[in-house]
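To start, the structure under review is shown below, and the notes come after it.
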Amino acid sequence: MRAAVYEGPRTVTVKDVPDARIEHPCDIIVKITSTNICGSDLHMYEGRTSFETGRTLGHENLGQVVEVGSGVSKVKVGEYVVLPFNIACGFCKQCEKGLTNYCLTMQPEPAKAGAAYGFAEMGPYQGGQAELLRVPYGDFNALRLGEDAAERQVDYVMLSDIFPTGYHATEMADVKPGDQTIVYGAGPVGLMAAYSALLKGAGRVWVADHQPDRLRIAEEIGAIPIDTGREDPAEVVKEATLGLGADNGCECVGYQAHDPHGKEDAALTLNGLIDAVRFTGSLGVVGVFLPEDPGGAEAQGELEGQGKVAFDYGLMWFKGQRMGTGQAPVKRYNRALRDLIAGGKAEPSFLVSHELSLDEASIAYEKFDAREDGWTKVVLHPDGPSA
Ligand code: NAD
Ligand code: ZN
């Protein structure tokens, strides 16, 4: 089968690899029809992680079931399914609590938790930027889609990661109807966080970034854009709230946060958030920060090279704020968000800028990594572009 394979820093090649196959009775095999490139793929693409060369990327996957193992009873061949990027067993201590983002069974290292397709440090699983994907515990992990699946797959594929992840950021930030919410980052995740806050009935949502094309999308969905090249988001928000700050906020950038001139500073958005949110407000941090970041020393300094961030804990403590962090438990939200899409209440495909064939993966990575103007979200179709 064809697959987008990581071959070293900034090199992704589409080539033939062995077909995905059933390895355990509970596995299913999915013929991938839509698979996204994610901001998280770029951490691996840029060579900033331990991701091994020769592995297939891709953790945002949707497709049609073509084979099921003998232990699979719910999912049927022919059904369209969307797969949470988290791979979970459903029966470990963490999964029983709904924490499928930190499953103990699927992570082979006993002292670690959490697994994902085609992801550094998240188990040995191949990614779905390929013609076929092996899905462990298919009955538990696959979310089945309705009759409109094929036609609306560009909406539904967002359920694999960024829609639930953006939603999770607003859950950790405790966004409620009427709230005033600030979102750092207008990438796909930030836009989904802003969209989720608006779906929840937030009164006012600001989105901060320095990329005009992305800020334009934020404005189109009803958020207030803040261009960090011209204004300090914390000042804008405080000025609009009698100096108090937003009720809550979401961090959707991560350790590669940089100033508008491109200089990296992993603490920038965390400190901005603490400043912009009022006393006792909650912060939802879904942007990725890593315990080790060899590239960080080069780009930022010694502290960052050790995966550490000089964030303003003193001010956070003084303000009595709370912070939620980590990978999103996609399964907690994907069913309800699917039904919002099916019911015509949500249309997350608004952020898709490019639908390409799998064979165009190399160029897509290059453009997306360069955050080239107009490249907001790329969906790859291994069976050829749909539109
Ligand atoms: P992205 O790289 O496309 O978007 C990041 C955006 O942040 C860019 O538009 C960039 O211009 C902006 N930015 C950079 N520095 C900034 C600053 N100082 N202030 C404001 N904006 C700034 O990535 P994405 O796909 O939107 O993902 C965002 C983050 O979320 C990444 O770290 C990604 O790995 C992470 N993520 C986490 C989860 C999870 O489960 N927690 C899931 C998916 C993605
Ligand atoms: Zn992702």
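The values are calculated or read from the model by the stated rules, or taken from the named source; none is laboratory data. Everything quoted here is computed from the prediction, not taken from an experiment. Positions of Cβ are backbone-derived with ideal geometry, glycine not excepted, and every protein chain shown enters the neighbour counts. Ligands, DNA and RNA are excluded from the accessible area calculation, which covers all protein heavy atoms including side chains. Shrake-Rupley method; radii C 1.70, N 1.55, O 1.52, S 1.80 Å.
Structural remarks
- Within the range 153-186, restricting attention to residues that are among the small types (Gly, Ala, Ser) and buried (at least 24 other Cβ atoms within 10 Å of the Cβ), the residue that is farthest from ligand 2 (Cβ to nearest atom) is Ala173.
- Selected residue [touching a residue at least 40 places away in the same chain (Cβ under 8 Å), under 28 Å from Asp369 (Cα atoms) and open to solvent by less than 40 Å² (accessible area, probe 1.4 Å)] from Val286, Val253: Val286
- Looking only at residues of the range 47-94 that are open to solvent by 10 Å² or more (accessible area, probe 1.4 Å) and not in a loop (DSSP other than H, G, I, E, B), we find that the one that is nearest to Met158 (Cα to Cα) is Tyr80.
- Only residues that are of a type in the set (Val, Ile, Thr) and within 10 Å of ligand 1 (Cβ to nearest atom) were counted in the range 33-50, giving 1.
- One residue stands out among those in the range 187-217 that are within 7 Å of ligand 1 (Cβ to nearest atom) and in a helix (DSSP H, G or I): the one that is most open to solvent (accessible area, probe 1.4 Å), which is Val189.
- Within the range 1-46, the set of residues being touching a Ser or Thr at 6+ places or on another chain (Cβ under 9 Å), closer than 19 Å to Ala364 by Cα and surrounded by fewer than 17 Cβ atoms within 10 Å (Cβ to Cβ) comprises Glu7, Gly8, Thr11, Thr13.
- Tyr167 fulfils the conditions (1) under 17 Å from Cys38 (Cβ atoms); (2) of a type in the set (Ser, Thr, Tyr); (3) over 14 Å from the mean Cα position of the chain (by Cα) except for a single criterion, (3).
- Listed conditions (1) over 20 Å from the mean Cα position of the chain (by Cα); (2) without any contact (Cβ under 8 Å) to a residue 60 or more places away in the chain are all met by Ser353, apart from (1).
- Subset of the range 95-115 [part of a loop (DSSP other than H, G, I, E, B) and touching a Pro at 6+ places or on another chain (Cβ under 8 Å)]: Gly98, Leu99, Met106, Pro108
- Residue in the range 300-316 that is among the aliphatic types (A, V, I, L, M), at pLDDT 95 or above and touching a strand residue (DSSP E or B) at 6+ places or on another chain (Cβ under 8 Å) present: yes
- Among the candidates Gly295, Gly243, Gly272, the residue that is within 19 Å of Leu315 (Cα to Cα) and outside any loop (DSSP other than H, G, I, E, B) is uniquely Gly272.
- A residue that is over 24 Å from Ala218 (Cβ atoms) and free of Cβ contacts under 8 Å to residues at least 60 places away in the same chain can be found somewhere in the range 362-374.
- So Val82, is it within 26 Å of Tyr333 (Cβ to Cβ), within 16 Å of ligand 2 (Cβ to nearest atom), among the aliphatic types (A, V, I, L, M) and outside the structural domain of Glu292 (by TED's automatic domain parsing): yes
- Just one residue in the set Asn334, Asn271 is at pLDDT 95 or above, assigned by TED's automatic domain parsing to the domain that holds Ala113, touching a Phe, Trp or Tyr at 6+ places or on another chain (Cβ under 9 Å) and within 16 Å of ligand 1 (Cβ to nearest atom); that residue is Asn334.
- Output for the range 52-89, where each listed residue is in contact with a Gly (Cβ under 6 Å, 6 or more places away or on another chain) and without any contact (Cβ under 8 Å) to a residue 60 or more places away in the chain: Thr53
- Which numbered condition Asp139 fails, given (1) assigned by TED's automatic domain parsing to the domain that holds Ile37; (2) away from ligand 1 (no atom under 16 Å from the Cβ); (3) surrounded by fewer than 19 Cβ atoms within 10 Å (Cβ to Cβ); (4) part of a loop (DSSP other than H, G, I, E, B): (4)
- Qualifying residue in the range 355-362 (condition: closer than 26 Å to Val175 by Cα and not assigned by TED's automatic domain parsing to the domain that holds Lys263): no
- Test: residue in the range 228-237 that is under 17 Å from Lys377 (Cβ atoms), more than 10 Å from ligand 1 (Cβ to nearest atom) and assigned to a helix (DSSP H, G or I): no
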